[in-house]
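Input: a single structure, listed below in structure tokens.
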Amino acid sequence: MSASDYAAWYGAVVATAVLAWDFVKWRQRGPQIKAEARSGWRTFGFDEAQNEDVMFVKVTNTGDRPTTLTSWGLYWHPADAPNDKTKRKAFVIKGGLGGSGVVPTKLEPGDVWTGISKENDDFKKMIATGKCYVALGFSHADKEILVEMK
């Protein structure tokens, strides 16, 4: 092989690596959502729910573009059919305690949204007898993002 052949192979490898890197960057563009949901937290300083159990939801946009949180709700699946959508029950959550949980809310890159909602006896029974998922709707996605309640 001549020097020009080595140069051609080197150029082909570098171009392929650059193309692959551009693909990786393209896949990571846009809003990237990280979310967590916790159950059984106690309130402190909330007059409307003093010493009551609440669920806490935190959403962070770690991407490079804004998005809008359009809705949040709850899905419950019975323990005997955790993946059967025909047996699940859906609940809408309106607002939250202490001014949290407002939707719609625009989330710029790096923004954090929190939602806090009271847990009643029905909710506690659902947690004990199945799985609960917080469903988060966003303007950039066709499907909801589901976060298992822990």
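Residue under question is PHE91, and the condition is that it be closer than 11 Å to TRP72 by Cα, of a type in the set (Phe, Trp, Tyr) and in contact with a Phe, Trp or Tyr (Cβ under 8 Å, 6 or more places away or on another chain); does it hold?
Judged against the criteria, PHE91 is a match.
Answer yes or no: is there a residue in the range 45-55 that is at pLDDT 90 or above and of a type outside the set (Val, Ile, Thr).
yes
Regarding the range 115-122, can at least one residue be identified that is surrounded by fewer than 15 Cβ atoms within 10 Å (Cβ to Cβ) and either closer than 14 Å to ARG38 by Cα or of a type in the set (A, V, I, L, M) (or both)?
no
For the range 41-72, which positions are under 23 Å from THR105 (Cα atoms) and among the small types (Gly, Ala, Ser)?
GLY63, SER71 - these are the residues of the range 41-72 that are under 23 Å from THR105 (Cα atoms) and among the small types (Gly, Ala, Ser).
Which residues, counting only those in the range 17-37, are of a type outside the set (D, E, K, R) and part of a helix (DSSP H, G or I)?
Selection gives ALA17, VAL18, LEU19, ALA20, TRP21, PHE23, VAL24, TRP26, GLN28.
So that you can scan it fast, the table gives a plain yes or no per residue for (1) out of contact with any strand residue (DSSP E or B) (no Cβ under 6 Å at 6 or more places or on another chain); (2) in contact (Cβ under 8 Å) with a residue 60 or more places away in the chain:
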{"site": "LEU107", "(1), (2)": "no, yes"}
{"site": "THR114", "(1), (2)": "no, no"}
{"site": "ALA128", "(1), (2)": "yes, no"}
{"site": "CYS132", "(1), (2)": "no, yes"}
{"site": "GLY137", "(1), (2)": "no, yes"}
{"site": "HIS140", "(1), (2)": "no, yes"}
{"site": "LYS143", "(1), (2)": "yes, no"}
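Name the pairs: first residue in the range 30-49 and assigned by TED's automatic domain parsing to the domain that holds GLU108 and closer than 26 Å to THR70 by Cβ, second residue part of a helix (DSSP H, G or I) and modelled with pLDDT under 85, Cβ to Cβ under 8 Å, at least 6 apart or on different chains?
Once the first residue is assigned by TED's automatic domain parsing to the domain that holds GLU108 and closer than 26 Å to THR70 by Cβ and sits in the range 30-49, its partners that are part of a helix (DSSP H, G or I) and modelled with pLDDT under 85 give PHE46/LEU97; PHE46/GLY98; GLU48/LEU97; GLU48/GLY98; ALA49/LEU97.
What strands (runs of 3 or more DSSP E) lie completely within the range 38-150 and have 2 or more residues being more than 13 Å from the chain's Cα centre (by Cα)?
Where strands (runs of 3 or more DSSP E) fall fully within the range 38-150 and carry at least 2 residues being more than 13 Å from the chain's Cα centre (by Cα), they are 53-61, 67-78, 89-92, 105-107, 112-118, 130-138.
The values are calculated or read from the model by the stated rules, or taken from the named source; none is laboratory data. Because the structure is predicted, anything quoted here is derived from the model rather than measured. FYI the Cβ positions are ideal-geometry reconstructions off the backbone, even for glycines, and counts take in every protein chain you see.
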